[in-house]
1. Counting only helical runs of four or more DSSP H residues, what would the 222 nm mean residue ellipticity of chain B come to if each run contributes -39,500 (n - 2.57) and the total is spread over all its residues?
2. Could you pull the copy-to-copy label distances for A:Thr4, with points set 7 Å along Cα to Cβ, in nm to one decimal and sorted shortest first?
3. Top mean-square fluctuation among B:Leu31, B:Leu140, B:Leu222, Gaussian network model of chain B, C-alpha springs under 10 Å?
4. Would you work out if the protein assembly as shown is rounded, prolate or oblate? Take a ≥ b ≥ c from the square roots of the eigenvalues of the alpha-carbon gyration tensor; rounded if a/c is under 1.5, else prolate when a/b is larger than b/c, oblate otherwise.
5. Taking each residue of B:154-166 in turn, how many C-beta atoms of other protein chains fall within 10 Å of its C-beta, and what is the average?
6. Does region A:14-76 come out rounded, prolate or oblate, given a ≥ b ≥ c as the square roots of the eigenvalues of its C-alpha gyration tensor, rounded meaning a/c under 1.5 and, failing that, prolate meaning a/b above b/c?
7. How many Cβ atoms of partner chains, on average, are near each residue of B:37-49 if near means within 10 Å of its Cβ?
8. Report the full-extension gain for the segment B:Arg51 to B:Asp210: residue separation times 0.36 nm, less the Cα-Cα distance, to one decimal in nm.
2 protein chains.
Amino acid sequence: MTQTTFDRVERRTVAVEVRERLIEAIRNGELIAGTALPAERVLCEQFNVARTSVREAIQGLATAGFIERRGNRAFVVEVVPGLELALDSRKATVRNLFEVRRVIEPAMAGLVALRAPEHVRREIADLASRHASGIDEFRLIDRQFHQMIASACDNPVLSEVYSKALASLFNSEEFASLLYAENNKEEVSNIVESSSHAHVEIAEALLAGDQVRTEKAVAAHLRDVEARMLERLI
Amino acid sequence: MTQTTFDRVERRTVAVEVRERLIEAIRNGELIAGTALPAERVLCEQFNVARTSVREAIQGLATAGFIERRGNRAFVVEVVPGLELALDSRKATVRNLFEVRRVIEPAMAGLVALRAPEHVRREIADLASRHASGIDEFRLIDRQFHQMIASACDNPVLSEVYSKALASLFNSEEFASLLYAENNKEEVSNIVESSSHAHVEIAEALLAGDQVRTEKAVAAHLRDVEARMLERLI
DNA sequence: TGCCTTGGTCTGACAATCAGACCCAAGCCA
DNA sequence: TGGCTTGGGTCTGATTGTCAGACCAAGGCA
């Protein structure tokens, strides 16, 4: 057995970590292009680091072109570096994410129909029948619904793999821009209504312990949502 | 749209990073229980950090019980903390990992049969027909074979999700202890032979562009390897 | 315009890391 | 056993990164 070797370790400073957090927030839409960054004093409180470290991080953002200074504030640039993906590329990303969901979700939900105790399946059904009062509440219920199914499949590894894939979709700029764009209100409302119905269908199949019916309901749900999202990416 | 907030950032020192690298190597079998750690001067060269940082990390290992000092060397303890998982729990981990593979791999390989250009499928077949001269070379070919299939499915997200799952299996202590235990030589040889045949089967189905046959060949392969691994976990 | 917020700059203290030197103990081999 | 090599232990001084806080100038808003 050969003697093991180790790769070099890089020194990882607080300022670099803060900078990457901010870049991530810009990339996934939490910090919107053209808007002001939170104040340094606010950031150093939230990150729980010294202000000099925050300033160091922000200077790195300015150098890399993610922000510009106007007046006494720092603003996210209108055109974020590396985000001008071609439309084809953005559609491909959404397609790829939904393809991953199509590979994983029906099988996983099928396992839930097979394995989960009745009281767990009943809880899932209760959640599916809850009525959301707006897009933000729907998103919350939607996430809980899917996470509950993942948790109920009795395979923590599969659950984790799926959760990461779902997080990628929810954190993508395509998803955020679709949900919050003012001119998409009607379509978003359609997606919410259609998804609520699909959740109910899925939950009924789960409650009946019917693996095949569950898999079909999940697959249909994914096809519907994916089509609506791709349709709106113009 | 609500104003975003950030989670606290922890200060991450070089010594902590080195310590975690060493713990990981102990956990996944690269550093064997009872054997001596590499010398400090060797480690600081490999990690590319100062010796004081390496010493700090090693002191943390000693405090946490991963190593003990005997003579002028540091040795991995015979009983590594947190590694005495119950046998049931270890089998469950392996089962869970293989279940994830069963969800993902047949579908992914099926996509390759559908989508990949012929020259790519031919490359995969060439790799499958290569003869390994030992366990280490087999592991290398095995990894390349599976990674090549993942890359050929034309969905980078799925490919990445799968690669992470595969890495979890290959890095698990169950896998390492099975492959390198002296009393498993014959069984390991059987696994290698059986897997080589299965790879050839899979590659032929891919070359034929037959999605259904590919999915079946992959599923059979996984059932075989899983059964052999679980059988040997005693 | 006045007041508050925010960014810019600086200070001094502390923590972490670095490279290197030196010494002693342990291990190995003739 | 003696000598050499290897390895750990300790220390030094310099550099970098982080911290908390103070003070001033600029910007924004009622």
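The values are calculated or read from the model by the stated rules, or taken from the named source; none is laboratory data. Everything quoted here is computed from the prediction, not taken from an experiment. Quick reminder, even Gly has a Cβ in these numbers, built from the backbone with ideal geometry, and neighbours come from all protein chains shown. Remember, those area values only see protein heavy atoms, side chains included, never the ligands or the DNA or RNA. Shrake-Rupley method; radii C 1.70, N 1.55, O 1.52, S 1.80 Å.
1. When only DSSP H runs of four or more count, the value is -23000 deg cm²/dmol.
2. Copy-to-copy label distances for A:Thr4: 3.7 nm.
3. Checking each option, the largest mean-square fluctuation is seen for B:Leu140.
4. Because a/c hits 1.5 or more and a/b fails to exceed b/c, the protein assembly as shown counts as oblate.
5. Counting other chains' Cβ atoms within 10 Å and averaging over B:154-166 gives 5.
6. Verdict is rounded for region A:14-76.
7. The shielding value for this peptide is 3.
8. Result for the pair: 51.6 nm of gain on full extension.
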